Amino acid sequence: MCLLKHIGGAFTHRPEELKDRLSVKASDLVKRAFADVDPARLVDYHTHIAGIGTGDSANAVNPKMRTWRHPFHRLKFAVYLSGAGVEHLERADKEFAARLVNLIEHIESHGKYRLLAFDKNYNRDGTAKTEFYVPNEYVFALAVEQPDKFEPVISVNPYRPDALAELMKWAGHGGRMVKWLPNAMGIDPSDEKCDPFYRKMKELDLVLLSHGGEEKAVEAEEDQRLGNPLLLRRALEHGVKTIVAHCAGLGQNEDLDDPQRRRMSNFDLFMRLMDDKRYDGLLFGDISAMTQFNRIGTPLSTIIKREDLHPRLVNGSDYPLPAINVLIRTKPLLDGGYINADERTSLREIYGFNPLLFDFVLKRCLKLPGTNKRLPARVFMAHPEL
């Protein structure tokens, strides 16, 4: 259990204690982070919720995550539960949601969090399997319960037999974005079978938030090709506004424009799309997870340096990942020159109270090494085109 807490939810305080117990230096850092942000426009575009189906939620995870016959999957599941603040498996779904609500409630001027549904993996013939599943009903219900905190994000796999009906149903309930994780959902965004779905998205003026790059939760290596950013051209050519999650900042894929199909970093492929003038006003990037230790480097430096990209970037936390202690390492950021020693000390203190707040403050501190260039406040506020 001690090891689990160390790599999972290594928190030292409750979120409600932050206001009275945070040091002056750390409190000042928090104030500076919010100073130029309009709280009425503050938005986190990438917030996960999950569960195992307790309380009739209909949430689900792969059965391998529930048994020690598959120790790697069971340990990974335990780490996620720890980071999400789940202590009682029989109440897992309610505790996951309650922890997230508590974190948000204890962030002054917290803004809105776009809460992501997560559809199943459907084969092209319509049969389904899943790593985890969060139905649209669940995120919309939470948004009704907490309207000052959550905005629901639809998730519909275009291969499911009722895809268009499901899309129209939740768009009719006010959903404005659709979440895909192609690597885990089995979606090829370049597949012609997606065309009716793209046409309906364009008709309904819906925005696609699609994972880009490698996905560590995926077992089958062949599914990593589905995270190739170039596959999203088909959506863009249908006029669908598309946000590439994490700016595709992890892993490599084939360069589909190269006759020899040599492999390139997913981030470079994403940047090729961003630099294509045809996609101005259509293609955007979210910066969620880009401060994790395995993503620090060229992608993070580039998005800070390239000021021309800033009007096309939005923020996301990718919660609960900021609460997974093993993924959060501030020393590489210090060593790389992205933050200074005083900021690191204060950030580590903030993390002990509230990892969601930590993620926001960290990104407001980031600077391009050797310069004073930072991500502007506009990245953290609602985008007028999204």
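Specify, per residue and in Å³, the volume enclosed by the convex hull of the alpha carbon atoms belonging to the range 284-323.
In the range 284-323, the Cα convex hull volume per residue is 57 Å³.
From the list (i) 1.12; (ii) 0.94; (iii) 1.20, can you say which value of Rg/Rh (Cα atoms, Kirkwood Rh) was derived from the structure given?
(ii)
Find which of 136, 328, 100 sits farthest along the positive direction of the dipole of the chain, computed with +1 on the beta-carbon of Lys and Arg, -1 on that of Asp and Glu, about the Cα centre.
328
Compare 170, 68 by solvent-accessible area with a 1.4 Å probe and give them largest first, with all protein chains kept in place. Numbers along the way, then the final one.
Details: 170 15, 68 155 Å².
Putting 170, 68 in descending order of accessible area: 68, 170.
Quick one: with all protein chains in place, what share of the accessible area of the range 1-140 is carbon or sulfur, to the nearest percent (1.4 Å probe)? Mind showing how you got there, number by number?
On the way: 4020 of 7250 Å².
Carbon and sulfur together cover 55 percent of it.
Using a Debye calculation, one point per C-alpha and no hydration shell, please list log10 I(q)/I(0) for the range 202-341 at q = 0.10, 0.12, 0.15, 0.18 Å⁻¹ in order.
With one equal scatterer per Cα and no solvent, log10 I(q)/I(0) is -0.34, -0.49, -0.77, -1.08.
Would you mind getting the accessible area per residue of the chain, heavy atoms of the protein chains only, 1.4 Å probe, in Å²? Display every interim value, and only then the final one.
Details: 16430 Å² over 386 residues.
The answer is 43 Å² per residue.
Rounded to the nearest 500 deg cm²/dmol, what is the calculated helix-only ellipticity per residue at 222 nm for the chain, with -39500 (n - 2.57) per DSSP H run of length n ≥ 4? All intermediate terms of the calculation are to be shown ahead of the outcome.
On the way: 15 runs with 133 residues, N = 386.
That calculation yields -9500 deg cm²/dmol at 222 nm.
Taking only the alpha-carbon positions of the range 293-386 and ignoring solvent, what does the Debye formula give for the base-10 log of I(q)/I(0) at q = 0.14, 0.21, 0.23 Å⁻¹?
Taking Cα atoms of the range 293-386 as identical point scatterers yields -0.51, -1.15, -1.34.
Counting only protein chains, not ligands or nucleic acids, how are 168, 185 ordered by accessible area (probe 1.4 Å), most first? Before the final figure, lay out each step's value.
Working: 168 85, 185 0 Å².
Largest accessible area first, the list is 168, 185.
The values are calculated or read from the model by the stated rules, or taken from the named source; none is laboratory data. All values derive from a computational prediction rather than experimental measurement. So basically every Cβ, Gly included, is an ideal-geometry build from the backbone, and we count neighbours across all protein chains shown. SASA here: full protein model, heavy atoms, side chains in, ligands and nucleic acids out. Shrake-Rupley method; radii C 1.70, N 1.55, O 1.52, S 1.80 Å.
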